[in-house]
Amino acid sequence: MSQTREHFLANMAKLITPKQLLLAGLVLIYFSWVLSWKLAVILMAALMFHELGHAWAMRHYGMRINGFYFTPFGLVVVSDDPWPTRQSEAVIALMGPAWGLVMTLATCGVWLATGRPIFAGLACWFALLNAFNLLPTNPLDGGRVAKSLAFSLSTGAGFAMLVIGLALTAALLFAINPVIGVLVFGLGVLEFRHELRQIRRRRDRNNIIKVLSQELCSKPSAEAVLDGLQREVDEIWDKLDLARRFAALRQTALAAGVDPRLVLMRWMLTPLASRALQSRRPYPPIFGNSWSYATADHEMTPLAPTGKVADSPLGRFLLEKELPRMKAGKALLTLAAYLGLAAMLVVLFLAASRTMDLVQVINALR
C-alpha cells in the first residue's frame, strides 16, 4: 500500500466518531433483524467500501469530509464543502459504484477460483446495491450524474431531469417498497429545492449587483461593486473622530477581555448602516425581507472584522459563482462511463444470480 493510500485511510479513520459507531451498531441490529447478522456485517462492509470511493474522490478535489453516517437505508459520506464543478459532482458520484464494481469483480474472482456458490450470491448482492445506486434520481449516485450532465446542457434541462428522475424512480420504488419510495422521493425533492434556491440566489445576486452598481456609479460586476463599497467604508472610517473616542473604547474592551478592534468595528456598525443602507432609496428594498427568500438578511451586511468588504457576508455572497458546467467532450465521456458502469453491474448481477440468488444467500447465512 502506498504512502498516499495509508494517509487517506488514516484520515478516514479519524472521522469515525463514537456517535457514528453507535449509529453503525443500531443499523447493524436493524439489518440483522431484516436479513441476518452475517449478511448484515458483509453488506455494511460493502457500503463502507462504496462510500470510501466517494470520500477518495472528494479528497482528490480538495473537499473537506465531515464524516460517515449510517442510516437504516445505508451509509452516506458528508462533505463540508459544495461541489467545485459539475464535472467533480459527477466523478464523485461515479466513484462509489466504481469501487463497488471492483469489490464485485473481486468476489466473482473468488467464486470462480473456489467454486463456492456463496461468493456468487455475495457478488449478486454487491452488484445489486451498486446498480441500484445508479438509478437516475437524486439523491442516488446515478441521479447526481444525470443532474450534472443535464445542467451542463442548460438550466431547464437540469430541472427537467430532476423531475423525470423523481417520477420514474418514485413509481418503481413505490411498486417495490413504499417506505424506500417515500424516503428516496423526499430526499429527491430536497435536492430539487436546493438547485432551485441556487437559481434564485443567482437572480438575487444579479439584481443586487445591478442596483448597487448604479448607486455607486461602478461597473456592473461583483468586484467593482465591492470596490465601491470599500471606498464607502473607508470614507466613513476616516471621518470618524477615532482619536477622541478610541481611548475610552479601548479601556472598555480591555476591561471586558475583548479585542478593542472588534469593539471599534461594532461601534462603526450604526453610522455605516444608517448611511449606506437606510439613507439611500435603492438600498432598503434590496436589504429588506420582502424582495427575496433565497438570501438571508445576515448575508447583506458589508462589515467584516478585517475591515474589508470582500471578507464580509455581503462580499462572500456577491462573489459566489455558478457551478462550472462540463464541456461537450467531458460530458460524453462521463455519460459513457455511467452507462458502461451500469451495464457491467447488471451483467454481473444476472450472471451471479444464476448460481445463487438473493434469497438463497439470506437463507445460507442465517
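Condition (residue is of a type in the set (Val, Ile, Thr) and in a helix (DSSP H, G or I)) applied to the stretch 77-99: is it met by at least one residue? There is at least one residue in the stretch 77-99 that is of a type in the set (Val, Ile, Thr) and in a helix (DSSP H, G or I). Here the stretch 34-70 is the region considered, the condition is being crowded, with 20+ Cβ neighbours inside 10 Å, in contact with a strand residue (DSSP E or B) (Cβ under 8 Å, 6 or more places away or on another chain) and not hydrophobic (A, V, I, L, M, F, W, C), and the residue that is nearest to ALA123 (Cα to Cα) is HIS50. In this structure, does GLY96 turn out to be of a type outside the set (Asp, Glu), within 22 Å of ALA342 (Cα to Cα) and not assigned by TED's automatic domain parsing to the domain that holds LEU28? Yes, satisfied.
Screening the candidates VAL163, VAL233, VAL225, VAL184 for the property of being in a helix (DSSP H, G or I) and loosely packed, with under 15 Cβ neighbours inside 10 Å yields one hit, VAL163.
All but one of (1) touching a His at 6+ places or on another chain (Cβ under 7 Å); (2) in a helix (DSSP H, G or I) hold for TRP56; which doesn't? Of (1) touching a His at 6+ places or on another chain (Cβ under 7 Å); (2) in a helix (DSSP H, G or I), only one is false for TRP56: (1). Which one is nearest to the chain's Cα centre (by Cα), of the residues in the stretch 18-75 that are among the polar types (S, T, N, Q) and modelled with pLDDT under 75? Per the stated criteria, the residue is THR71.
The values are calculated or read from the model by the stated rules, or taken from the named source; none is laboratory data. What you are looking at is a predicted structure, and each value in this text was computed from that prediction instead of being measured. Ideal geometry is used to build each Cβ from the backbone, glycine not excepted, and the neighbour counts take in all protein chains shown.
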